[in-house]
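Below you'll find the structure, written out as structure tokens, and then a few comments.
Values in this text are rule-based calculations from the coordinates and carry no lab data. The structure displayed is predicted, hence computed values, not measured ones. Here the Cβ positions follow ideal geometry from the backbone for every residue, glycine too, while neighbour counts run over all protein chains shown.
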Amino acid sequence: MTTLAIKTPAAKALAAILAATALTLSASAASAATRAEKGEARLAKMIEGRVAGDPVSCIATMSGSRLKVIDHVGIAYDAGRTIYVARADRPQSLDGFDTLVIERSGSQLCKQDMIRTVDLNAGFTTGIVFLGDFVPYTRPEAG
């Protein structure tokens, strides 16, 4: 087994920087996982007691205020008895610091529509997100 001896001050400083960088990256990855877990828990609470239906490519959206971003997961549209959920291809781009700018190709919201995330404070594009199919989660009728 070979061991390295760090002898020069510059080498010691470089080793310290590399160690700090590794710790920072590790903490960042853990933080991202935690945000994704929180997003998944929020989604689970939203669709609790509902039954998943067959996925659809497009949905009619009457009000933009019913469209919710689920951090690090995707988007959900509350249509009353049914909540439509579309997961993002790059869910890490979705968080509470950005707003969505949706470039629709028609009157409905579709999975092929391009969605830009825009920083709320600075106003610049922070990412582009594409969605998967919309899965409807419907509350069963009572009785």
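In this simple spin-label model, placing a label point 7 Å from the Cα along the Cα-to-Cβ direction at both Leu67 and Thr138 gives a separation of 2.4 nm. Taken one residue at a time, the phi angles of segment 128-137 give Karplus couplings (6.51, -1.76, 1.60, θ = phi - 60°) of 10, 10, 10, 9, x, 4, 8, 9, x, 10 Hz. Gly and Pro are set to x. Annotation: extensible slack from Gln92 through Lys38 equals 18.2 nm (criterion: 0.36 nm per residue apart, minus Cα-Cα distance).
Can you tell me how much longer the chain between Thr99 and Val56 gets when fully stretched, taken as 0.36 nm per residue apart minus their C-alpha distance, in nm with one decimal? Walk me through the intermediate numbers first.
Details: separation 43, 0.36 × 43 = 15.48 nm, distance 2.42 nm.
Taking 0.36 nm per residue and subtracting the Cα distance, the gain is 13.1 nm.
Would you mind ranking Thr82, Thr99 by Cβ crowding within 10 Å, fewest neighbours first?
Fewest to most other Cβ atoms nearby, the residues stand as Thr99, Thr82.
For segment 40-138, the relative contact order is 33 percent, taking Cα pairs closer than 8 Å that sit 6 or more residues apart in sequence and dividing their mean separation by the residue count.
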